[in-house]
Amino acid sequence: MDNTGDDDRIEQQGATLEHSTVDGEDIYAEDGSIRSDFLMHVGAAIADRDLLFLRRHVARLHESEMGDLLEAIQPEQRRQLVSLLGADFDLAALTEVDEAIRLDIVEHLPNEQIAAAIGEMDSDDAVYILEDLDQEDREEILSKLPFTERIRLRRSLDYPESTAGRRMQTEFVAVPPFWTIGQTIDYLREDADLPDSFSQIFVIDPTFRLLGVVDLDRILRTARGTKIETVMRDTNHPIPADMDQEEAAQLFEQYDLLSAAVVDENGRLVGVLTIDDVVDVIQEEAEEDLMRLGGVGDEELSDTTIETVRSRAPWLLVNLLTAFIAASVISLFETTIEEIVALAVLMPIVAGMGGNAGSQTMTVTVRALATRDLDIHNAWRVVRREAGVGLLHGMAFGVMIGAVAGFWFHDVNIGGVIATAMLINMCAAALAGITIPILLDKAGADPAVSSSVFVTAVTDIVGFFAFLGLATWWFAVR
């Protein structure tokens, strides 16, 4: 049998995949997902244990591309792929995947392989992987590292989660102020332990206290005999190691920083925070706020069904309790609803419109609190603005729904009642949407997590009570 055609086709496919590893963009389809044909060939190579193919077309992927690939294939394929690649697998790719995937892969890797890979990684990436391991595995891995590197990583791990100390890179360049430019340049050329890339040189005293910073472009433009202390400048906004990572990211955004020194409580230089890490922080915090607004906490797509149920259940339970409160309000006007059936038809409109209006205000408020745009100095002005918005929306939509309801049920009284109830609930929704997140924030609670349930409860209760209460009163006195 002549297999020439099959061989040619396989060779062509190999050439296409080889090109995709040279130009990383080509492994992606137009919608940004990994190409289905690439996934098919990778899956086949894993099943056939084709090490040549995997090393040639997969091991050379950028760490972010490898992360996307790991998220796109099945769990069993992930483990097999990492196992087959062995030392050719770039462990830095695990910083690009969900926590559940990262833990699943790491748990199936020998600690010796993890230690060897971590020894080649930047300290910030190494900490990102180590922090998720249990204490026993972490200590075993650290014990296999050189003493200096082990101390640096342990110091970073000692800082609380979500702080600058956890995010910082402990590889940096620091020189004393009495060195000359020539000495500094010679040091940069000859020292083999310098970071792979850097844009600033920090100036420190013998106790490692931060004195200033010199940009590389200034080094290159200054005569060799000039002392560092004469060209250094004050460090722009050094970041305390225990500062929350979101606050550090806000400093980068406010002052357009590319990197910043990280100092301990005594002002000693312990690391550097770079813009690539801050971009990750900004993305994580934005995703976290968005998820929490929906009451789903830290849920990830890779979570199991049970984990997802546990994540969502608590706030659904709270929502159920507030729904019973709203239902009890309706039950107070049971007789009125039985007499005027139109009320049962129309009352969801009042509550629904109020809920949507409250959610709009709440979303803007929670985001403003997260970015520190809303504070004690402008809170009252913003509250007045939102109250005005609620009043105008209530008047506009009240007139609109009142006209439609009056025409629909041939009763101008129904139209007047729902229009007034709409006005009341829209104002209440606006005030609840801004005051509830502010009060929760002042109380130390996370407004992104808990605001939506309480805002919805307020708009439902006020909406039902206003509409049914006004209807009961009006038709009683008419």
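The values are calculated or read from the model by the stated rules, or taken from the named source; none is laboratory data. The model shown is predicted, which means the values in this text are computed figures rather than measured ones. Cβ: placed from backbone, ideal geometry, glycine included. Neighbour counts: every protein chain shown. For the accessible areas, the whole protein counts, side chains as well, though only heavy atoms, and no ligand, DNA or RNA atoms are used. Shrake-Rupley method; radii C 1.70, N 1.55, O 1.52, S 1.80 Å.
Numbers at a glance
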read-out	value
For L211, residues with placed amide H under 5 Å, excluding near neighbours	V203, I204, D205
Residue-normalised accessible area of region 321-426, given per residue in Å² at a 1.4 Å probe	55 Å²
FRET E, pair D373, R56, Förster distance 41 Å, beta-carbon r, rounded to 0.05	0.25
Rounded FRET efficiency, nearest 0.05, which uses the C-beta distance separating N266 from A192 and R0 of 41 Å	0.90
Label-point separation in nm, E247 to E338, each point 7 Å along Cα→Cβ	6.0 nm
Virtual paramagnetic centre 7 Å along Cα→Cβ of K442, amide N under 20 Å, in region 371-395	371-388
Cα centroid separation - region 326-385 against region 413-466, whole Å	3 Å
Accessible carbon and sulfur surface of region 23-75 relative to its total accessible area, %, 1.4 Å	47 percent
Antiparallel DSSP beta bridges within the chain, percent to nearest 5	80 percent
Value of [θ]222 nm, deg cm²/dmol, for the chain, DSSP H segments ≥ 4, -39500 (n - 2.57) each, nearest 500	-21500 deg cm²/dmol
Label selected from (i) 55, 34, 20; (ii) 35, 26, 19; (iii) 51, 32, 20, the criterion being semi-axes √(5λ) of the Cα gyration tensor in Å as computed here	(i)
Amide hydrogen neighbours beyond the local backbone of I239, cut-off 5 Å, H modeled	A261, V262, V263
Quotient of C-alpha Rg and 2.2 N^0.38 Å, computed over region 91-245	1.21
Label-point separation in nm, Q254 to S83, each point 7 Å along Cα→Cβ	5.1 nm
Fraction of accessible area attributable to carbon and sulfur, region 292-450 (%, probe 1.4 Å)	68 percent
Gained length - E284 relative to D411, 0.36 nm times residue gap less alpha-carbon distance	40.4 nm
Dipole magnitude (debye, nearest 20) for the chain, charges at Cβ of Lys, Arg, Asp, Glu	2520 debye
Built amide H within the under 5 Å cut-off of Y28, gap 5+	R35
Mean accessible surface per residue for region 173-279, computed with a 1.4 Å probe while every protein chain stays in place, in Å²	54 Å²
Between region 45-103 and region 173-245, the Cα center-to-center distance that results, in Å	38 Å
For the chain: relative contact order, % (alpha-carbon pairs under 8 angstrom, 6 or more apart)	10 percent
Kyte-Doolittle mean at least 1.0, axial Cα span of 20 Å or more - DSSP H helices of the chain	305-331, 341-370, 412-442, 447-477
Förster-model FRET efficiency, 30 Å R0, S143 and T305, C-beta, rounded to 0.05	0.20
Size of charge dipole - region 129-227 - debye, nearest 20, with Cβ of Lys, Arg +1 and Asp, Glu -1, no other charges	700 debye
